[in-house]
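The values are calculated or read from the model by the stated rules, or taken from the named source; none is laboratory data. Remember, it's a predicted structure, so these values are computed and weren't measured experimentally. Positions of Cβ are backbone-derived with ideal geometry, glycine not excepted, and every protein chain shown enters the neighbour counts. Ligands, DNA and RNA are excluded from the accessible area calculation, which covers all protein heavy atoms including side chains. Shrake-Rupley method; radii C 1.70, N 1.55, O 1.52, S 1.80 Å.
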Amino acid sequence: MWWKSKFILLSCSLTLMFLSICSLGKSVHAEKLDTDGFIIEADRVVGSGMTASIVKQETTENDQKPMLRFQYQSATIYGMRLTKLVDSANGPVSITLKASGPVTVKGMTVDTTAISFKGACIKASETVPELGMEDVVMVAHYMKAEDSLIEKLVLNTISGNAGSEKPGKLQVLQDLSLLPLNQLDKEVEKISAGHLPLTCADGSKTDAPSGGIGKITDPIQDVTDVVTKPLDPVTKPLEPILKPLDPVTKPLEPILKPLDPITKPLEPVLKPLEPVVKPLEPVLKPIEPVISSTTEKVEQVVKSVCEQMEDAKGVIHKELALALIDEAIAKKLPLNKVCQSNTSLTKELQSWEESLLKSLGLIDLLGKVIVQDPIQQLNKMRDNISKTKDGAIIFTP
Amino acid sequence: MESPVQLVEGTTSKKVFWSALGAGILTLALLLVSFGVSGVAYAVPIAGVGDFYVEFDKLVGTGYTFYPKMGETGTSDSAPQGTNLIENLTIDNLQLYKDFKVGGEWIRVKIAASKPVQISGLQHDADLIEADAKFQNLVVQEKHSDDWQKQFKQTSSTIVLEHAKLKTHYLFQKTINMNGMKLTVEKINK
């Protein structure tokens with residue numbers, strides 16, 4: 001029976017050898033290089049007419065993958081770096097595209113699966129007139145721009161992995177990627193129709209660390225006028241609406257107060273008889289001019305804006321500028337129609353309004369006004385002017 | 001006894017010699033005449049000299065494509081590079097140069113064109129491009145492919161590069177019209 005024991009021994013040896021090879025095989029496999037997507041990093045992105053939606057797009061490893069699509073009418077990217085890692089026969093190769101100067105793009109589309117940035121929460125199929133993002137890192141799979149200007153471009157192809165760490169994938173995309181294709185389309189439609197938040201858990205929060213939004217607006221303001229001002233109305237939209245009420249309520253105060261001393265002296269006057277009644281007449285009469293003069297004052301406040309401008313021969317100082325803007329906001333009129341009755345003033349207001357819009361970056365390269373809510377425009381102008389010194393001359397014809 | 005060396009006297013066929021020389025001169029002359037008349041050279045590669053630099057003030061081209069590749073350089077048989085294909089282009093103030101170290105001194109061999117250079121079917125392999133760039137219809141995308149060279153591609157309908165410097169390893173043009181060409185060899189301090 002020697003052959004039986006030899007057979008068992010041989011079987012066991014072969015099994016052990018096979019298992020050893022299998023276990024070794026696993027450790028021998030090199031770690032697979034993550035070449036999916038190209039990483040786009042930017043210090044700051046300022047864009048207008050931004051819409052976010054969910055699409056299906058091709059990647060290095062997949063034919064159809066749900067992605068977040070950003071579409072900008074125009075955008076300026078500061079500190080842009082694009083890195084693509086490929087796994088060549090001789091090891092990893094990195095293609096890096098870096099721009100030391102600003103990158104200006106028109107009609108840009110970017111499809112991404114992962115993104116991190118400091119800025120407002122983005123909702124599906126909702127157009128944001130102006131959007132600022134800071135410290136942007138995204139894993140993109142497709143980027144298109146109708147027109148692009150890249151200043152100080154350096155395109156480099158080097159050995160090794162030069163890419164930065166990829167940000168975490170968006171939860172909404174992770175959830176969608178688990179769905180079968182037919183259900184995916186329905187879910188995407190649902191998200192789009194409901195304008196659901198895409199880059200944060202709920203609509204109010206951002207992916208930024210706490211206090212991120214406040215930090216974004218301030219440093220942006222320091223950099224360039226065109227870029228930063230569009231962010232202001234996002235943080236304090238109510239202030240310009242409340243302020244215009246002040247001049248209406250305050251003028252009433254001096255009317256009410258003078259009445260107090262008049263009513264009180266009447267008490268001792270009523271107690272005496274006839275001789276006291278006559279003196280009352282002159283007391284009551286003076287009240288009328290008080291009321292009539294105050295109504296005139298209110299009218300003067302409204303009228304004087306145009307009159308003041310006329311008196312100043314078209315030179316607009318800070319206080320007059322604010323009064324004109326308040327007037328326009330109150331009447332819900334464009335700035336150039338505040339003094340409609342006076343043609344020369346209207347022309348001056350028109351050129352002043354154009355210069356203000358230019359300084360706010362609301363006029364494009366072709367000289368057309370970028371479409372926006374006129375009240376929002378006026379609020380921006382007001383914010384801009386209120387930062388100047390008291391008495392400063394804002395406009396001269 | 002030493003065997004005497006036998007000298008064998010050969011003869012040159014005068015007919016063969018003169019016909020070969022005449023054919024060579026005629027071909028060269030035809031080439032120079034055709035280049036001189038049209039100013040166009042066909043299928044011109046510049047390779048095998050290691051990396052060299054291309055500089056120019058402005059390039060305006062159409063039909064641009066970029067993709068990665070591995071190729072030969074002055075120091076390696078296989079190094080990462082990017083292939084730039086441009087269908088048609090015009091270059092202002094083109095300069096190509098390479099620096100050589102000869103006996104402890106640096107010498108620069110430079111080809112420059114004083115007039116705009118027109119090229120069609122350009123293939124340009126480089127590992128470094130520095131320029132101010134403008135693109136129309138720029139698309140950067142990845143493709144699902146097993147071939148790593150096809151996984152990433154950058155294309156644009158037009159490309160404009162200004163104040164450019166390109167570290168080049170290979171250059172090929174289907175046709176090149178290079179008027180005002182000048183070749184110089186100069187000593188440089190490096």
Exercise. Might you check whether a residue that is surrounded by 14 or more Cβ atoms within 10 Å (Cβ to Cβ) and facing chain A (nearest Cβ under 7 Å) occurs anywhere in region B:85-107?
Key: no
Quiz item: When the residues of region A:31-50 are filtered to those that are surrounded by fewer than 17 Cβ atoms within 10 Å (Cβ to Cβ) and of a type outside the set (Asp, Glu), which remaining residue is modelled with the lowest pLDDT?
Solution: A:32
Practice problem: Inspect all residues belonging to region B:122-144 and state whether any of them is modelled with pLDDT of 90 or more and more than 13 Å from every other protein chain (Cβ to nearest Cβ). | Solution: yes
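A quick yes/no check of all residues on (1) outside any strand (DSSP E or B); (2) open to solvent by 60 Å² or more (accessible area, probe 1.4 Å):
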{"residue": "B:58", "(1), (2)": "no, yes"}
{"residue": "B:61", "(1), (2)": "no, no"}
{"residue": "B:77", "(1), (2)": "yes, yes"}
{"residue": "B:81", "(1), (2)": "no, no"}
{"residue": "B:110", "(1), (2)": "no, no"}
{"residue": "B:138", "(1), (2)": "no, no"}
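Only one of A:114, A:140, A:145, A:124 is at pLDDT 95 or above and hydrophobic (A, V, I, L, M, F, W, C). Can you tell me which?
On the way: A:114 fails: at pLDDT 95 or above; A:140 fails: at pLDDT 95 or above; A:124 fails: at pLDDT 95 or above.
After applying the criteria, what remains is A:145.
Of the residues A:111, A:147, A:87, which single one is acidic (Asp, Glu) and surrounded by 19 or more Cβ atoms within 10 Å (Cβ to Cβ)?
Numbers: A:147 fails: surrounded by 19 or more Cβ atoms within 10 Å (Cβ to Cβ); A:87 fails: surrounded by 19 or more Cβ atoms within 10 Å (Cβ to Cβ).
A:111 is the lone residue from the list that is acidic (Asp, Glu) and surrounded by 19 or more Cβ atoms within 10 Å (Cβ to Cβ).
Being among the hydroxyl-bearing types (Ser, Thr, Tyr), more than 9 Å from chain A (Cβ to nearest Cβ) and touching a Phe, Trp or Tyr at 6+ places or on another chain (Cβ under 6 Å), is that true of even one residue in region B:167-178? Spell out the reasoning first.
First, the residues of region B:167-178 that are among the hydroxyl-bearing types (Ser, Thr, Tyr): B:168, B:170, B:175.
Still in the running and more than 9 Å from chain A (Cβ to nearest Cβ): B:168, B:170, B:175.
Subsequent filtering for residues that are touching a Phe, Trp or Tyr at 6+ places or on another chain (Cβ under 6 Å) retains B:168, B:175.
Yes, region B:167-178 has at least one match.
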